[in-house]
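**Q** Structure incoming, see below.
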Amino acid sequence: MSADQSGSRASTGSASTAGATAGGTTKDAKVPTVILTIGMAGSGKTTFLQRLNSHLRTQKHVPYVLNLDPAVNKLPFGANIDIRDTIDYKQVMKDYTLGPNGAILTSLNLFTTKFDQVLEFVDKRAAELDYVIVDTPGQIEIFTWSASGAIITDSLAATYPTVLAYIIDTPRTAGPATFMSNMLYACSILYKTKLPFILVFNKTDVTPHDFAVEWMSDFEAFQRALMQDTSYMSSLMNSMSLVLDEFYENLNYCGLSAVTGAGFDDFMAQVAKARDEYYAEYKPELDRVIQERLALKESDKQKQLEALLKDISISEGKEVDMDA
Ligand SMILES: Nc1nc2c(ncn2[C@@H]2O[C@H](COP(=O)(O)OP(=O)(O)OP(=O)(O)O)[C@@H](O)[C@H]2O)c(=O)[nH]1
Ligand SMILES: [Mg+2]
């Protein structure tokens, strides 16, 4: 596995409004980098964000903090914007007769309708910020597979260099089957968002992530671990592990502990690398898509004009009265 390479990037984002200049080469230090934290329930996203917040503050990089988890009971850090200030998740459960996950999704949807205002707040402070850090709801799929999650991600990425920090519960990922499931999930998110991606092996104070580094860099080592796994999953995993081998080529990764703070300098080095990837690969692709859309509108206009001319030509050679 190489931590230096990245996959091809494409975008579904909307037009860029501020910050990074078009063309994908500018790395203006005044443009804050967005770090979007995602991960399975209980993987340590909130604790990671708490540690990242204090790590950045001690380095005089005061971040702008967004909390997008409406269901978190107690936030262990001060957020500049907190979804809970505008949306009462328990009230949403009652009003819409929903269960907990449905209510989290609906809360996120309601909040997304106001996300342009959130961007305006960030825009106002952007010149003085180095980082915008974002916590997301506990259930990963609520953010990664919802329309609102995609809108939030795309609108941030259209404006600011944005990287995904995929938090992994290392002790719970130490078996080949759980490791593989987690990697496949990460892989699907990478291909969906196409944003620069960092695998963050958290809780290394409990289990060091050496096994993961070995499995990602040495295909045969993972095959050997799989052979010892006699569960019904092993033959399925065997064939899918080949897919992942390519995925690992396109990734940055690091190991850290959100509790002790070990590994955060390495994480920030990965963020700097991922920011470069954003400018080198994601941003030019985004600009290309925007240009394509604009060009499409031009060719649509041309087609409409051609259709009109055809209509005119079949009207028995008479001139068409445009005022009729
Ligand atoms: N030992 C250890 N425990 C950790 C670490 N990071 C988080 N935890 C613990 O893992 C549990 C879950 O942490 P959270 O930060 O709430 O995880 P989360 O992903 O935000 O959880 P949800 O938002 O509920 O999905 C808590 O008990 C944390 O104390 C770590 O680096 N080491
Ligand atoms: Mg959390």
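The values are calculated or read from the model by the stated rules, or taken from the named source; none is laboratory data. Quantities reported herein were computed from a predicted structural model and do not represent experimental measurements. Here Cβ is always computed from backbone atoms with ideal geometry, including for glycine, and neighbour counts include all displayed protein chains. Accessible surface areas use protein heavy atoms only, side chains included; no ligands, DNA or RNA. Shrake-Rupley method; radii C 1.70, N 1.55, O 1.52, S 1.80 Å.
**Q** Pull up the range 128-158, narrow it to residues that are more than 16 Å from ILE189 (Cα to Cα) and in contact with a helix residue (DSSP H, G or I) (Cβ under 7 Å, 6 or more places away or on another chain), then point me to the one that is farthest from ligand 1 (Cβ to nearest atom).
**A** Looking at residues that are more than 16 Å from ILE189 (Cα to Cα) and in contact with a helix residue (DSSP H, G or I) (Cβ under 7 Å, 6 or more places away or on another chain), I get ALA158.
**Q** Also, I was wondering about something else. Touching an Asp or Glu at 6+ places or on another chain (Cβ under 9 Å), assigned to a strand (DSSP E or B), within 15 Å of ligand 2 (Cβ to nearest atom) and modelled with pLDDT of 95 or more: which single residue out of LEU49, LEU66 fits that description?
**A** Exactly one residue qualifies, and that residue is LEU66.
**Q** Which number in (1) surrounded by fewer than 21 Cβ atoms within 10 Å (Cβ to Cβ); (2) not in a helix (DSSP H, G or I) marks the one condition that PRO137 misses?
**A** For PRO137, the failing item is (1).
**Q** So, one more: Just checking, does the range 22-37 include any residue being open to solvent by less than 40 Å² (accessible area, probe 1.4 Å), modelled with pLDDT under 95 and away from ligand 1 (no atom under 11 Å from the Cβ)?
**A** Yes: one or more hits.
Rundown of residues vs (1) among the hydroxyl-bearing types (Ser, Thr, Tyr); (2) surrounded by fewer than 15 Cβ atoms within 10 Å (Cβ to Cβ), yes/no style:
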| site | (1), (2) |
| --- | --- |
| SER241 | yes, no |
| PHE247 | no, no |
| CYS254 | no, no |
| SER257 | yes, no |
| GLY261 | no, no |
| ALA269 | no, yes |
| ALA272 | no, yes |
| TYR282 | yes, no |
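**Q** Within the range 197-229, track down each residue that is among the basic types (Lys, Arg) and open to solvent by 70 Å² or more (accessible area, probe 1.4 Å).
**A** ARG224, the sole residue that qualifies.
**Q** Could you give me the residue pairs with C-beta distances under 6 Å whose first residue belongs to the range 210-228 and is over 15 Å from LEU184 (Cα atoms) and small (Gly, Ala, Ser), whose second residue is open to solvent by 60 Å² or more (accessible area, probe 1.4 Å) and part of a helix (DSSP H, G or I) wherever it lies, and which are 6+ apart or on separate chains?
**A** Close Cβ pairs (under 6 Å, with a partner that is open to solvent by 60 Å² or more (accessible area, probe 1.4 Å) and part of a helix (DSSP H, G or I)) amount to ALA221/GLU214.
**Q** Since ARG57 meets every condition but one in (1) more than 16 Å from ligand 1 (Cβ to nearest atom); (2) at pLDDT 95 or above; (3) surrounded by 20 or more Cβ atoms within 10 Å (Cβ to Cβ), which condition does it not meet?
**A** (3)
**Q** For LEU98, which of the numbered conditions (1) away from ligand 2 (no atom under 16 Å from the Cβ); (2) open to solvent by 60 Å² or more (accessible area, probe 1.4 Å) fails to hold?
**A** Status for LEU98: all satisfied but (2).
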